[in-house]
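These notes concern the structure reproduced below.
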Amino acid sequence: MMEIREATTREEIEFCGTAILEFRQNLNAGTYVDQILNMMKSGFKLIYIANEDNSSAAGICGFRIFEMLRTETIIYIDDLFTAPDSRGKGCAGLLLDRVDEIAKENNIKTVHLDSGFTLHPAHRLYLSKKYILACHHFAKAVS
């Protein structure tokens, strides 16, 4: 049985490190833990499922709860990733289900996430979990 845990300590974040660094390759291996700990001060949460031999995270989900004028209070999923050797086992689906439970526990009506255009297997999962394509997300570099 896959147990969902919340990473709250440096050691638990490091346990998720391989998955985090594989997914977010822009992160610095020497500073990502401190970055996540800092993000946690403003509400970022990281949940994960350990792999079969309990040596690292099979899947991770990073999210935050916040309020916006157009949506009221929402959960926004920043990161959802399953390690390649753990794909197809239901890990990402279980993490999404847990986020739904957290939303219900907190009387939050919607969960949001962004997904890259070419991530078709992820899109199939989101659609099967009743997510809809609600908008396009635009970004602009200002440097």
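The values are calculated or read from the model by the stated rules, or taken from the named source; none is laboratory data. Since this is a predicted model, take the numbers as computed values, not measurements. Note that we place each Cβ from the backbone using ideal geometry, even for glycine, and neighbour counts take in every protein chain shown.
Points worth noting:
- The set of residues from the stretch 1-24 being within 18 Å of Ile77 (Cα to Cα) and of a type in the set (S, T, N, Q) comprises just one member, Thr8.
- Any pair with Cβ under 7 angstrom, 6 or more apart, that starts in the stretch 23-42 at a residue that is among the aromatic types (Phe, Trp, Tyr) and ends at one that is at pLDDT 95 or above: Phe23/Asp79; Phe23/Phe81; Tyr32/Ile20; Tyr32/Leu21
- Any hit, the stretch 90-105, residues being β-branched (Val, Ile, Thr) and either under 22 Å from Gly43 (Cβ atoms) or surrounded by 10 or more Cβ atoms within 10 Å (Cβ to Cβ) (or both): yes
- Checked against the criterion of being assigned to a loop (DSSP other than H, G, I, E, B) and surrounded by fewer than 19 Cβ atoms within 10 Å (Cβ to Cβ), the candidates Glu12, Glu52, Glu6 yield just one match: Glu52.
- Close pairs (6 angstrom Cβ cut-off, 6 or more residues apart or separate chains): in contact (Cβ under 8 Å) with a residue 24 or more places away in the chain in the stretch 50-62, surrounded by 10 or more Cβ atoms within 10 Å (Cβ to Cβ) and small (Gly, Ala, Ser) anywhere: Asn51/Ala58; Asn51/Ser86; Ala57/Ala19; Ala58/Ala83; Ala58/Ser86; Gly59/Ala92; Ile60/Ala19
- Within the stretch 89-105, the set of residues being of a type outside the set (A, V, I, L, M) and either without any contact (Cβ under 8 Å) to a residue 60 or more places away in the chain or assigned to a loop (DSSP other than H, G, I, E, B) (or both) comprises Lys89, Gly90, Gly93, Asp97, Asp100, Glu101, Lys104, Glu105.
- Taken together, Ile65, Ile74, Ile108, Ile60 contain a single residue that is part of a loop (DSSP other than H, G, I, E, B) and modelled with pLDDT of 95 or more, which is Ile108.
- Residue match in the stretch 65-82 (condition: exposed (fewer than 15 other Cβ atoms within 10 Å of the Cβ), without any contact (Cβ under 8 Å) to a residue 60 or more places away in the chain, farther than 23 Å from Cys135 by Cβ and out of contact with any Gly (no Cβ under 6 Å at 6 or more places or on another chain)): no
- In the stretch 81-93 there is no residue that is touching a Lys or Arg at 6+ places or on another chain (Cβ under 7 Å), under 14 Å from Phe23 (Cβ atoms) and at pLDDT 95 or above.
- Ile47, sole failed condition from (1) farther than 22 Å from His137 by Cβ; (2) surrounded by 15 or more Cβ atoms within 10 Å (Cβ to Cβ); (3) without any contact (Cβ under 8 Å) to a residue 40 or more places away in the chain; (4) among the β-branched types (Val, Ile, Thr): (3)
- Tallying residues that are surrounded by 15 or more Cβ atoms within 10 Å (Cβ to Cβ) and outside any helix (DSSP H, G or I) within the stretch 122-143 yields 1.
- When the test is whether a residue is at pLDDT below 95, surrounded by 10 or more Cβ atoms within 10 Å (Cβ to Cβ), over 16 Å from Ala19 (Cα atoms) and aliphatic (A, V, I, L, M), Leu119 passes it.
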